[in-house]
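These notes are about the structure you will find just below.
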Amino acid sequence: MSGKIKSRSAANADSISGSVSCDERILRDCHQMYIDPDSGLITIAQTVGVTLLPPRKKITVMLMGNHSAGKSSFINWYVEEHIQRTGVAIETQGFSFVTSGRKRESLTGNATLHLYPHFKPLQEFKGVSEYLGTEICTSRQKRFSLVTFVDTPGLVDGDMKYPFDVDQAILWLGELCDLILVFFDPMGQALCKRTLNIVENLNEKQGDRLRFYLSKADEAGGESDRQRVMMQIVQELCKRPGLNKCGFDMPTIYVPNPNKPSRCVNQIEEVCRTIEKTINQTVQNTLNSLEKDCNLITEAITETLDNDRQCSIENRRSRFKGCLLGILGFTVPLLLLVTLVLGSLSKDILELMLGNSGIEALTLYVVPAVKAFETLSGEVQLYSCVGLVLLSFIFILLARFSFRTKSTLSGKQKRQLQQKLEYVQEVVKTKKKNLYEEYLRQSVGDQDMN
């Protein structure tokens, strides 16, 4: 079951050929600039020891609440297709991902995790992988092309046993989702303690992503009944220290049914606007992250080139120092050898070898040193020779250590890094600027653009 893929016929396959929205194109282009195998930012960053993560092309919206709260019905209404099973029974027992694609398809188990590799840690929750599924449909209604819904199991109290740790799995998913919609239905299950406990834990770290709605508001009776149910829910939420906040907002929503008109105020479009706002914020965050990552790569490449330049300077200094110490190390024994050789030769041989001018220079510089050395006792002369040899050995040893240089980049590597730096600064940043302008033109007039 875990890897099986089941094909279904697409009800509206032709709709996928529709025009791609500006936001969708921006997110797709940004994603491509990261993952391109040859010139992607991830590949470039790896060359200078920087790790980057590609931005997602869609936002992830998780729906949670007690069973029969209308989560699956809302997804069906949003995509305008009957994707998720609905009913009074606990239909959704596992996690179901709903996303748009090229054709109608159902994925289960490992296929789902292969499609969403960032959700693979879900496998660590025992039993979850067998209750994972993905529904792919071709709908492009509303902003569905930029949304992946996560339909969670209906939550109940009592003796209901789940095949996995549903509380921890939802909490873990909440960390990766961009928006968390909590549905409370007015039919007696809204005050489910399991739901309230999970909401309270989610609020600790993901409070800015949580949105609360009174679902199936048309089934709550009259207006006074709805107000009473909402007050009960809000009071119960405010009893939790982390959820006790001012201005608690809980719009009333229900899936409109033309065959069942209702006078209840329906704010379901408010959910769509919330999703729209999250998409817009995600586009801005993606573009901002692109600029930050470009600056990060630029700083890393510049620092690498500067460090290489500094290493080259230090290597030249080390070589010069090593040469100087090496010369000193070999000069001392060489002078001793010359002194011994010259001292053992007769004056006639020296004149033949060096000539008169050489003899004069030898007499001027070497003879005084030889005479001074001869004034020393034999034992002192021996110690002096040993000391000079030892000093020479120390110089040679220091020269060897000085010749130890740091590794540097080759000319080819430096040219490649310089090309990558220019590509990031001139090409990627220019693309990012154009994408930002394209995004702003959706809401700002040309006269306000620089």
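Given a Förster radius of 30 Å and the C-beta distance between D225 and D249 as r, what FRET efficiency does 1/(1 + (r/R0)^6) yield to the nearest 0.05? E between D225 and D249, to the nearest 0.05, is 0.90. At a Förster radius of 56 Å, what calculated FRET efficiency corresponds to the Cβ-Cβ distance of Q123 and R319, to the nearest 0.05? My answer for the efficiency is 0.50. Between F330 and T43, the FRET efficiency estimated from the beta carbon spacing at R0 = 51 angstrom works out to 0.55.
Beyond 29 Å in Cα-Cα separation lie the following of the pairs K103/K277; K57/K414; K205/K277; K239/K260; K71/K431; K103/K161: K57/K414; K239/K260; K71/K431; K103/K161. The label point for R309 and the one for K414, both projected 7 Å from the Cα toward the Cβ, are 1.0 nm apart. Sorting K420, K414, K277 by accessible area puts them as K277, K414, K420; the probe is 1.4 Å, largest comes first, and only protein heavy atoms count. For region 207-313, the equivalent ellipsoid built from the Cα gyration tensor has semi-axes of 52, 19, 7 Å, listed from largest to smallest. When the trypsin sites (Lys or Arg not before Pro) in region 93-174 are filtered for DSSP coil states and for at most 16 other beta-carbon atoms within 10 Å of their beta-carbon, the remaining sites are R102, K103, K126, K142, K161.
From most to least packed by mean Cβ count within 10 Å, the peptides 64-71, 321-328 give 64-71, 321-328.
The values are calculated or read from the model by the stated rules, or taken from the named source; none is laboratory data. All values derive from a computational prediction rather than experimental measurement. Here the Cβ is made from the backbone with ideal geometry for all residues, glycine too, and neighbour counts use every protein chain on show. Ligands, DNA and RNA are stripped out before the accessible areas are found, and what is left, the full protein with its side chains, is counted by its heavy atoms. Shrake-Rupley method; radii C 1.70, N 1.55, O 1.52, S 1.80 Å.
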